[in-house]
Each structure stands twice: as structure tokens, then as C-alpha cells.
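Take a look at the structure below.
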Amino acid sequence: MKQEKFKVLLYLKKSSPDKLGKTPIMGRITIGRSMSQFSLKLSCTPGLWNPRESRLDGKSREAVVTNAKIEKLLLAVHSAYDTLIERNQSFDAESVKNLFQGSMGAQTTLLALLDRHMQGLRARIGIDVAPTTLSGYVYTHRSLGKFIKKKFKTKDIAFGQLNELFIREYQDFVLLEQGYSMDTVRHYLAILKKMCKIAFKEGISEKLHFAHYKLPKQKEATPKALSRESFEKIRDLEIAPNRHSHLLTRDLFLFACYTGTSYADIVRITEENLFTDEENNLWLKYRRKKTDFQARVKLLPEAITLLEKYKDEDRETLFPIQSAEVVQLNMRGLRVMADIKQPISYHSGRHSFASLITLEEGVPIETISRMLGHSNIKTTQVYARVTPKKLFEDMDKFIEVTRDLQLVL
């Protein structure tokens with residue numbers, strides 16, 4: 001189809017001023033020889049209008065607000081034109097006007113759809129959605145809002161206004177201007193692509209945006225377990241009795257080091273998850289919240305001591321509940337108090353159990369996998385990294401076994 005010359009002209013209808021002396025702003029779409037006029041449903045002070053720029057001059061509130069609305073409307077007009085071009089059928093100026101006016105009135109916008117999706121997630125928290133899942137959407141919404149305001153001078157945009165350049169400029173905005181890591185950028189972009197997919201499935205968007213856009217590669221990082229020295233510093237750290245919050249966080253962390261429990265599981269386990277075997281050994285058995293796979297581990301004396309310390313018949317859970325935000329904050333404090341250089345998190349306790357407490361002490365990796373509740377031993381192989389001590393011990397065993405072997409050529 002031959003593309004005719006496309007032009008949008010804005011002008012004032014000076015013959016119809018309102019009671020405040022403001023004049024309606026009109027528009028005219030021209031495609032080849034066809035023309036179609038429309039009202040922007042905006043008015044302005046005639047003295048501020050710049051006909052060459054089709055904008056209001058100055059930085060007054062009227063100029064800033066009106067110009068932002070003009071920008072949003074023009075984006076919708078051009079988006080409607082692009083949509084009709086993609087259909088590869090004949091159309092005129094009137095067709096563009098009808099399409100963009102219909103979309104402006106009825107179209108669900110990007111952030112509005114994200115808001116709706118987040119409301120659904122909030123209703124499912126504690127059922128099949130973790131609070132941390134929702135927080136990722138909240139931060140993405142906040143970041144997208146800042147980018148849209150800076151780029152388009154408006155609070156939200158329609159899906160018809162998206163293009164390939166949008167996602168690339170947004171990626172640069174999050175990475176370079178907001179200074180987030182590539183893993184965070186990848187997470188935000190994944191949520192953006194998900195919203196575009198939902199919009200296409202629901203008919204909100206005529207096009208599946210960014211379907212062929214490849215997300216940045218996720219950085220593969222080996223989980224960090226504590227060194228023996230750092231673990232002992234945390235274990236032996238003297239904390240003032242009045243610092244109840246830090247004491248609880250430290251004990252919860254030590255329990256993770258002795259059992260491999262994650263935060264999502266430590267706040268859920270109860271007396272029903274404890275059982276005693278025929279040899280009177282106490283075991284912890286539970287289904288992991290993340291995978292629903294069963295984890296079971298025989299409790300070390302240190303873990304049992306922690307359970308007895310916090311035993312409370314009036315509380316359902318084995319330990320007092322402490323929010324994830326408080327735990328995260330307290331872990332930073334414990335790191336400073338113990339003079340530990342490496343970054344640590346609560347999940348470092350799970351990694352430490354896999355390598356420091358079990359693998360380094362000779363526990364087979366297949367057994368560790370069952371203790372951690374992994375569905376695939378490959379996951380355990382990542383957690384249970386081979387420590388220098390384990391490497392040296394295995395090499396000593398190898399040398400001892402092969403001492404009497406002779407190489408025959």
C-alpha cells in the first residue's frame with residue numbers, strides 16, 4: 001500500500017473563547033488529500049500559544065499541564081496511524097481520528113493494568129504469593145512511572161504508544177540513571193513484558209509488544225556460604241540482652257546454618273514438623289514453601305538448644321515471627337558488630353549448612369539434597385560448593401588410595 005504524506009496541525013479556534021477568555025485548541029489530520037478536524041478538548045490563554053511549536057510558551061502551571069496533555073494526545077494520534085499502516089489496508093484521515101479517539105476513551109493504560117495485576121497479587125498473599133513477589137511489582141511500577149513522566153511528560157501511557165525504542169530507553173534509564181544492577185533491570189523488564197502479554201491476550205493491545213525482545217542475561221553467581229571464621233564470629237557474638245531483635249535474628253540465622261531452613265520456612269514450621277525416630281533422635285520434617293518438596297534433617301544439639309530457648313506453648317510457630325525487612329536490616333547490623341567483611345544475608349545460613357556444616361564434614365551430596373528439599377541434585381551442587389578444606393581432604397584420600405598403584409605404559 002502506498003503511504004500518503006501524514007501531518008497533524010494544531011491551532012486555536014479564536015472565534016469561540018470561553019468566559020475566562022481561553023480559546024479551544026483544535027487539530028487537523030492530513031493524509032494525502034483527505035483531512036479530518038478534531039477537538040483536543042483543551043483550552044488555553046491565546047497569548048501563550050506558539051503556532052510554530054504548537055505548544056504553550058513559558059513554564060507556568062497552565063503551560064506545563066496543557067503541553068503534557070498535548071504530548072499525550074499527539075502520541076495517541078501517531079500510534080493510531082502506525083496501527084493502520086501495519087494493517088496494510090487503505091485508510092484516510094477520518095480513520096485515524098476515529099481510531100485514536102476511541103482508544104483514548106476506552107484503552108487501558110500500562111500502569112493501570114499493572115495496578116490491577118498488583119491488586120490481584122495482594123489478595124493472594126499468604127496463599128500462593130509471597131510478599132517479596134509483590135514488592136518486585138511495586139518497585140517496577142515506581143520505576144516505570146518515573147520513566148514515563150520524564151520521557152512523555154505524563155503520568156501514564158496507552159499500549160498503542162509503545163514501541164521497540166521504549167523498552168530500550170527504559171532499560172538504559174533503570175541501568176544508567178537509577179543505577180540498578182543488571183539483575184534488577186532484568187527483573188523489571190520481565191514484569192513489563194508480562195504486562196504486554198496480558199494486554200495482548202485480553203485485547204487491550206492490538207500488538208504483542210516486545211515479544212522478540214530478549215532480556216539481558218541473568219548473572220550466574222555462586223551462592224555465598226560463610227567461612228568458618230565468619231560463622232564462629234556470628235555464633236560467638238556477645239549481644240546485649242536489651243537488643244532483643246538482634247538476638248532473635250542471630251538465633252534464627254544460626255538455626256538456618258544448623259538445619260538449612262529458608263526464611264519462608266522458618267516462619268511457618270510448628271511442633272507438628274518435629275518427630276522422634278526409634279533411636280530417640282529429633283528430626284525436622286516440612287514441605288518447602290517454594291517448591292512443595294519435602295525436606296527432612298536430623299537436628300544437631302545446637303539446633304535443639306535454640307528450639308528449647310524459644311519454646312512457648314502459647315505460640316503456634318517454633319520461633320517468634322520476625323518480618324523479613326527486620327531480619328534483613330538486623331543481618332547488616334550483625335555483620336558490622338561481628339566485624340565480617342563479606343556481605344551476608346539470612347539465606348547465607350542455608351548455603352552455610354550445605355557446605356560448611358554438611359559437605360565439609362563428609363555428608364554425601366545426595367543426602368544434603370534430601371535435607372534441603374531440592375527436587376534436582378544439580379541445585380544442591382550449586383549450593384554445596386567444594387570448600388578448600390574439603391578439596392584438600394579429598395585429595396589426601398585419593399593419594400592414600402592410589403599410593404600402591406603403578407603406572408604401566
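The values are calculated or read from the model by the stated rules, or taken from the named source; none is laboratory data. Please read these numbers as outputs of a predicted model, since none were measured by experiment. As a convention, Cβ positions derive from the backbone with ideal geometry for all residues, glycine included, and neighbour counts pool all protein chains shown.
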The conditions are (1) at pLDDT 90 or above; (2) surrounded by 15 or more Cβ atoms within 10 Å (Cβ to Cβ); (3) not basic (Lys, Arg), and Glu271 fails exactly one of them. Which is it? (2)
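Here's the yes/no breakdown for (1) surrounded by 15 or more Cβ atoms within 10 Å (Cβ to Cβ); (2) more than 43 Å from the chain's Cα centre (by Cα):
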| residue | (1), (2) |
| --- | --- |
| Ser15 | no, yes |
| Leu20 | no, yes |
| Thr23 | yes, yes |
| Ile31 | yes, yes |
| Arg52 | no, yes |
| Ala63 | yes, no |
| Lys69 | yes, no |
Does Ile191 satisfy the condition of being more than 23 Å from Leu75 (Cα to Cα), modelled with pLDDT of 85 or more, hydrophobic (A, V, I, L, M, F, W, C) and surrounded by 14 or more Cβ atoms within 10 Å (Cβ to Cβ)? yes
Tell me which residues, restricted to segment 263-292, are closer than 13 Å to Phe319 by Cα and touching a residue at least 60 places away in the same chain (Cβ under 8 Å). Tyr263, Ala264
Matching residues in segment 105-131 - criterion: being of a type in the set (Gly, Ala, Ser), within 16 Å of Ser205 (Cα to Cα) and modelled with pLDDT of 85 or more: Ala112
Pick out the one residue from Glu169, Glu202 that is at pLDDT below 90 and either farther than 30 Å from Tyr346 by Cα or of a type outside the set (A, V, I, L, M, F, W, C) (or both). Glu202
Mind listing whichever residues of segment 135-174 are surrounded by 15 or more Cβ atoms within 10 Å (Cβ to Cβ), assigned to a helix (DSSP H, G or I) and of a type in the set (A, V, I, L, M, F, W, C)? Leu144, Phe147, Ile148, Phe152, Phe159, Phe166, Ile167, Phe173, Val174
Strands (runs of 3 or more DSSP E) completely within segment 259-357 that count 3 or more residues being within 32 Å of the chain's Cα centre (by Cα): 282-287, 294-298
Contact list please: Cβ distance under 8 Å, first residue in segment 126-154 and in the same structural domain as Tyr180 (by TED's automatic domain parsing) and closer than 30 Å to Ala68 by Cα, second residue modelled with pLDDT under 80 and charged (D, E, K, R), pairs at least six apart or on different chains. none
Restricted to segment 232-257 and to residues being part of a helix (DSSP H, G or I) and among the basic types (Lys, Arg), the residue surrounded by the fewest Cβ atoms within 10 Å (Cβ to Cβ) is Arg235
